[in-house]
Amino acid sequence: MARSAIINVMVQAAMKAGRSLARDFGEVQNLQVSLKGPGDYVSQADRKAEEIIHAELSRARPAYSFLMEERGAVAGDDDQHRWIVDPLDGTTNYLHGIPMFAISIALERQGQIVAGVIYNPAMDELFTAERGGGAFMNDRRLRVAARSKLSDAVITTGIPHLGRGHHGHALIELKNVMGEAAGIRRFGAASLDLAYVAAGRVDGYWERWLSPWDMAAGILMVKEAGGFCSDITGGQNMIDDGTIVAANEPVHRQLLRMLEKKS
Ligand code: IPD
Ligand code: CA
Ligand code: CA
Ligand code: CA
């Protein structure tokens, strides 16, 4: 499969950061770790990976702007192009030695996500998508799962960490989906949840209280694999709203119905 120039740039940045993350994986005692709030960790590994990605992408496209989890917004001369970067999605997993973490890079052009790369270095799984060009894992074309009934579906979600609050609300949603779906998983990295929906490994995913870098690349991945993505009201405000529901069309519809319930 021939990759476009822009995907190559993104893959190179993700792989270089991935090598840095892989080197430090399991060495948590040697990493500086701090808390942004209760249960919300950040480490030297997150910052190192972000620096690598920022340097690689800036070298390839010097004028583009950035939105990164750790450094925030960095304006470039070109505000029509913006990289949205999560240098380490799944920090808690990473710091616990759980190999479910990823680098997520999206490119936005005039407010529209046009390319996405998600890379899990521990499993050496590389997910790529380009608007109109399909979604791939390594060289294999991806397609969302075909199961149409929620009762046959395995659904993944995210659970708020200690400091986030909203635990009562999260429990109501969990109870409602749990009562209808075949099974529920919690992997701990939003970008991989979305990549797994795209790959048909899970049938659906929903989560609230996300940031743009958690989902920008994954949204394109799911859509390019033939899936549906919306915010929790069914609209297209995922990035601003911080909520997401992703699945094939029938499971997406049934999930939205479950998530509308208030008790
Ligand atoms: C987190 C992960 C997790 C999700 C959290 C995110 P981080 O990202 O994606 O699965 O439930 O809401 O903040 O902080 O590890 O990059
Ligand atoms: Ca974080
Ligand atoms: Ca994240
Ligand atoms: Ca992160």
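Since every read-out is calculated from the coordinates, none of them should be taken as a lab result. Everything quoted here is computed from the prediction, not taken from an experiment. Neighbour counts are summed over all protein chains in view; Cβ atoms, including those assigned to glycine, are modelled from backbone coordinates with ideal geometry.
Per-structure values
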item	result
Antiparallel bridges, percent of DSSP beta bridges restricted to the stretch 111-213 (to nearest 5)	65
Calculated [θ] (222 nm, deg cm²/dmol) that DSSP helices of n ≥ 4 give over the chain, each run adding -39,500 (n - 2.57)	-10500 deg cm²/dmol
Theoretical FRET efficiency, 1/(1+(r/R0)^6), r = Cβ-Cβ of Asp79 and Asp40, R0 22 Å, to 0.05	0.15
Low-density loop positions, trypsin sites (Lys or Arg not before Pro), the stretch 194-263 - DSSP coil, at most 11 other Cβ in 10 Å	Lys262
Positive-end extreme of charge dipole, the chain - chosen from Ala17, Ala189, Ala55 (charges on Cβ)	Ala189
Calculated P(r) tail over 24 Å for the chain, as whole % of Cα pairs	44
